[in-house]
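The values are calculated or read from the model by the stated rules, or taken from the named source; none is laboratory data. What you see is a predicted model, and the numbers here were worked out from it, not measured in a lab. When we count neighbours, we look across all protein chains shown, and the Cβ atoms used for this are built from the backbone with ideal geometry, even at glycine. These area figures cover heavy atoms from the full protein model, side chains too; ligands, DNA and RNA do not enter into them. Shrake-Rupley method; radii C 1.70, N 1.55, O 1.52, S 1.80 Å.
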Amino acid sequence: MLVIKDLHAKIDNKEILRGINLEVKPGEVHCIMGPNGSGKSTLSSVLAGNDKFEVCEGSATFNGKDLLDLAPEDRAREGLFLSFQYPVEIPGVSMVNFMRTAVNEHRKYRGDEPCSASEFLKLMRDKKKMVEIDSNLTNRSVNEGFSGGEKKKNEIFQMAMLEPKLAILDETDSGLDIDALRVVANGVNKLKSSDNATIVITHYQRLLDHIVPDFVHVLYKGRIVKSAGKELALELEEKGYDWIKKEFED
Amino acid sequence: MAEDQNKILDEVTGGEYKYGFHSDIDMETIPKGLSEDVVRIISAKKNEPEWMLEFRLKAYRHWQTMTTPDWAHLNIPEIDFQDIIFYAAPKKKPELESMDEVDPDLVATFEKLGIPLDEQKVLAGVAVDAVIDSVSVKTTYKETLAEKGIIFCSISEAIQEFPDLVKKYLGSVVPHGDNYFAALNAAVFSDGSFVYIPKGVRCPMELSTYFRINAINTGQFERTLIVADDDSYVSYLEGCTAPMRDENQLHAAIVEIVTMERAEVKYSTVQNWYPGDKDGKGGIFNFVTKRAICKGDYSKVMWTQVETGSAVTWKYPSCVLQGDHSVGEFYSVAVTNNHQQADTGTKMIHLGKNTRSLIVSKGVSAGKSQNSYRGLVKVAKKAENARNFSQCDSLLLGDQCGAHTFPYLEIVNNTAKVEHEATTSKIGEDQIFYCNQRGMSTEDAVGLIVNGYVKEVINQLPMEFAVEAQKLLQISLEGSVG
Ligand SMILES: Nc1ncnc2c1ncn2[C@@H]1O[C@H](COP(=O)(O)OP(=O)(O)OP(=O)(O)O)[C@@H](O)[C@H]1O
Ligand SMILES: [Mg+2]
């Protein structure tokens, strides 16, 4: 589904990603961990097509297409979804209008007719239930004045609405209370199938208790320096990153 | 609403002005230039009574003594008044019974514009008094209105049929001495609309007039007069588009509104004149004087405008709040792109006691355009407890455009409470990227954000107009980002 080869990216002439290799297959859950500033969010931004970052080397293909060649909106329409670490507020734009536009753009890309008003409202209702999001939130402007946790829930709601093939969840768990964490994780699990894949970026094992990864990768200084099964996360939780840093520096 | 919005978004392709075409309707024009003779010819052609000719001549003589105004924040080339045709009427002005008799070319023009002169729109409850260039060609639904005693006709017709009403109110709100363009308009106005709502009558439908500049080099000088008698209500819509042109076209309209005791008038405009091409060539010059007087106690006037067109816009719909407890509201969206210049705003003149005014102005600037808000709030000595609240927001797209806010206050009564809030914001790259990541193109994202930003104003428009307005916003900002 996603194949990343030797990906390098920089901002302001500072190289942040320094040769990423990663392959994600349908049905898999990958977890990326790593110390602050190691490049996790940069990787997700680059994959989503944020042109703040310049890709200087390497390739990424998504379902056989050259991902780096696609406009960000086309990457989204191809089924790539990013749950932002810091979701953006868009004052004045209602969640309903926003989602309606997004959903219909996806449909148009697939050659489907736009959703009728009643179909759309039903879809909203179903997905709201699925991710247990408060109706009040979807009646407001996009993320405007949302609490940190509410913003994260809203990301998962949008993911549910758009049913992506590959979802990248960038620290979706940070800022969530204990109940919300379970709700969000349940939402993600409900959306999981053998056709789609998830990349979770997190610092904590507690999310991985709910969303169980097939692989755990450690990103450090712009490279994936260690990959293993889910037990790696437990080991990191216990020992921290020092031993990996040491291994890497040696 | 969301569905319409998406339809709109879908429709938006290509960057050129959509309504730029020119239909070949026969025009009966008089020679270029302005003189006392031209004024007489215009009056004679319209078969006007003596008092009307006098009205025009007085204005013309006054205009000759005036000089072009100080152009505020605008950069305007000299206008050669001797190079303008001051009157054009479709030939053979016929008395028409039904749509079948209307010049098919004209019908086609209306259809290209999507103007609802057709049956469907009539069923939707909109009476249309279509003005093509200078003379009203067709008025629908007049009978229904007549049953309620409502007069809705062209101003030329009103001069013939209701001379007393016209004599009493024409020029009573905007006298010819008011400004340079008001004088010019009073001298040469060709046509426009007249509305009279009798005491206690609520007009059962939105009254709508579509203006359209259609003849090469013909300045357009409409004159609209709306009188709402005690306890009456009317909502009036004005919208316009113009064909693509190479020369600048002058437009100087006057709108006068009078409200009596407890009467309410809502006046909504969607203005979409040719703004000139990407380099600022061509385009309409729009100098409009719009003013309402709330004569009666507890009367109310609401101006709502969406301005996306014109090369140059100079326009300050105003309210004179004379009656005690009278209310004036002004909701405005002004969008400028490329080389457009807009200098708009409002004047709220508080004369009566307990008068209130509200100003909501939303400017959107893109390209190399300049967008200025200029608002005057004046509270006279006798206006006890006057209240005003002004909200002036500017949204910038890119960094080559300008937004300016000039609030003026003249307050000589210390019981007045006047508040002014202003904000300037930019559409952030992170907002655009967020929308991109959800599958929207940058252009659609900008459309969505801009429409969200102006929602407060658009919501004041009647439904079908709101849709049109959103479409215009989207079209006029095409190519302004990315
Ligand atoms: N716009 C920018 N300008 C300069 N440096 C940047 C910019 N954006 C990111 N960086 C740098 O790139 C590095 C990687 O940042 P990134 O956000 O990808 O880290 P992260 O792994 O997601 O960290 P965290 O766990 O704290 O979220 C950091 O050193 C950061 O300061
Ligand atoms: Mg991060």
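Test A:Phe98 against the criterion of being closer than 20 Å to B:Met440 by Cα, touching a strand residue (DSSP E or B) at 6+ places or on another chain (Cβ under 8 Å), within 13 Å of chain B (Cβ to nearest Cβ) and part of a helix (DSSP H, G or I), and give yes or no.
On the way: closer than 20 Å to B:Met440 by Cα: yes; touching a strand residue (DSSP E or B) at 6+ places or on another chain (Cβ under 8 Å): yes; within 13 Å of chain B (Cβ to nearest Cβ): yes; part of a helix (DSSP H, G or I): yes.
Yes: the conditions hold for A:Phe98.
Hand me the list of helices (runs of 4 or more DSSP H) wholly inside the range A:140-250 holding 1 or more residues that are open to solvent by less than 20 Å² (accessible area, probe 1.4 Å) and of a type in the set (D, E, K, R).
On the way: elements: A:148-162, A:178-191, A:205-210, A:231-239, A:242-249.
Those helices (runs of 4 or more DSSP H) span A:148-162.
Need at least 3 residues that are out of contact with any helix residue (DSSP H, G or I) (no Cβ under 8 Å at 6 or more places or on another chain) and modelled with pLDDT under 90 per element, so show me which helices (runs of 4 or more DSSP H) inside the range B:392-482 make the cut, counting only ones lying wholly within it. If you could, list the steps in order and put the result at the bottom.
Values: elements: B:429-437, B:442-453, B:455-458, B:463-476.
Correct list: B:463-476.
Which residues, taken from the range A:5-62, are open to solvent by 30 Å² or more (accessible area, probe 1.4 Å) and of a type in the set (Ser, Thr, Tyr)?
Selection gives A:Ser41, A:Ser59, A:Thr61.
Name the pairs: first residue in the range A:107-126 and more than 9 Å from every other protein chain (Cβ to nearest Cβ), second residue outside any helix (DSSP H, G or I), Cβ to Cβ under 8 Å, at least 6 apart or on different chains?
Here the result reads A:Arg107/A:Glu113; A:Arg107/A:Pro114; A:Arg107/A:Cys115; A:Leu123/A:Cys115, each pair linking the range A:107-126 to a residue that is outside any helix (DSSP H, G or I).
Checking B:Leu396 against (1) over 14 Å from A:Glu73 (Cα atoms); (2) within 14 Å of chain A (Cβ to nearest Cβ); (3) in contact (Cβ under 8 Å) with a residue 12 or more places away in the chain, only one condition comes out false. Which one?
B:Leu396 satisfies every listed condition except (2).
Can you confirm whether A:Val93 is touching a residue at least 24 places away in the same chain (Cβ under 8 Å), assigned to a loop (DSSP other than H, G, I, E, B) and open to solvent by less than 50 Å² (accessible area, probe 1.4 Å)?
On the way: touching a residue at least 24 places away in the same chain (Cβ under 8 Å): yes; assigned to a loop (DSSP other than H, G, I, E, B): no; open to solvent by less than 50 Å² (accessible area, probe 1.4 Å): yes.
So A:Val93 does not fit the description; no.
Identify all residues within the range A:129-139 that are over 19 Å from the mean Cα position of the chain (by Cα) and assigned to a helix (DSSP H, G or I); write none if there are none.
Correct list: A:Lys129, A:Ser135, A:Asn136, A:Leu137, A:Thr138.
Just to be sure I understand, how many residues within the range A:23-69 are in a loop (DSSP other than H, G, I, E, B) and either away from ligand 2 (no atom under 16 Å from the Cβ) or under 22 Å from A:Ser194 (Cα atoms) (or both)? Steps first, answer last, please.
The initial filter retains those residues of the range A:23-69 that are in a loop (DSSP other than H, G, I, E, B), namely A:25-28, A:34-39, A:49-53, A:63-64.
Next cut, either away from ligand 2 (no atom under 16 Å from the Cβ) or under 22 Å from A:Ser194 (Cα atoms) (or both) only: A:25-28, A:49, A:51, A:63-64.
Final tally of qualifying residues: 8.
Taking the range A:62-82 as the region of interest, how many residues are more than 7 Å from chain B (Cβ to nearest Cβ) and either touching a residue at least 24 places away in the same chain (Cβ under 8 Å) or farther than 13 Å from B:Asn436 by Cα (or both)? Talk me through it step by step, then tell me what you get.
The first filter runs over the range A:62-82 and keeps only residues more than 7 Å from chain B (Cβ to nearest Cβ), leaving A:62-71, A:74-75, A:78-81.
Within this subset, residues satisfying the condition of being either touching a residue at least 24 places away in the same chain (Cβ under 8 Å) or farther than 13 Å from B:Asn436 by Cα (or both) are A:62-69, A:74-75, A:78-81.
Residues in the range A:62-82 being more than 7 Å from chain B (Cβ to nearest Cβ) and either touching a residue at least 24 places away in the same chain (Cβ under 8 Å) or farther than 13 Å from B:Asn436 by Cα (or both): 14 in total.
Can you run down the residue pairs with Cβ atoms below 6 Å, 6 or more apart or on separate chains, where the first is in the range A:27-52 and within 14 Å of another protein chain (Cβ to nearest Cβ) and the partner is part of a loop (DSSP other than H, G, I, E, B) and within 12 Å of ligand 2 (Cβ to nearest atom)?
Final answer for the pair search is A:Ser41/A:Gln85.
Tell me which residues, restricted to the range B:445-477, are buried (at least 22 other Cβ atoms within 10 Å of the Cβ) and at the interface with chain A (Cβ under 7 Å from one of its Cβ atoms).
B:Leu448, B:Ile449, B:Tyr453
If I filter the range A:14-30 down to residues being over 21 Å from A:Pro72 (Cβ atoms) and over 18 Å from the mean Cα position of the chain (by Cα), which single residue comes out as nearest to ligand 1 (Cβ to nearest atom)?
First, pick out the residues of the range A:14-30 that are over 21 Å from A:Pro72 (Cβ atoms): A:14-15, A:18-19, A:21, A:23, A:25-30.
Among the residues that remain, those that are also over 18 Å from the mean Cα position of the chain (by Cα) are: A:14-15, A:18-19.
Numbers: A:Lys14: 6, A:Glu15: 9, A:Arg18: 11, A:Gly19: 15 Å.
Among those that are over 21 Å from A:Pro72 (Cβ atoms) and over 18 Å from the mean Cα position of the chain (by Cα), it is A:Lys14.
For (1) within 16 Å of ligand 1 (Cβ to nearest atom); (2) modelled with pLDDT under 95; (3) among the polar types (S, T, N, Q), each residue gets a yes or a no:
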position: A:Ala9; (1), (2), (3): yes, no, no
position: A:Asp12; (1), (2), (3): yes, yes, no
position: A:Ile32; (1), (2), (3): yes, no, no
position: A:Ser45; (1), (2), (3): yes, no, yes
position: A:Arg75; (1), (2), (3): no, no, no
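I'd like to verify a number: residues in the range B:264-304 that are under 26 Å from B:Asp324 (Cβ atoms) and not in a strand (DSSP E or B), how many?
Residues flagged as under 26 Å from B:Asp324 (Cβ atoms) and not in a strand (DSSP E or B) within the range B:264-304 amount to 5.
When you go through (1) assigned to a loop (DSSP other than H, G, I, E, B); (2) facing chain B (nearest Cβ under 7 Å) one by one for A:Gln85, which number turns out not to apply?
Answer for A:Gln85: the failing condition is (2).
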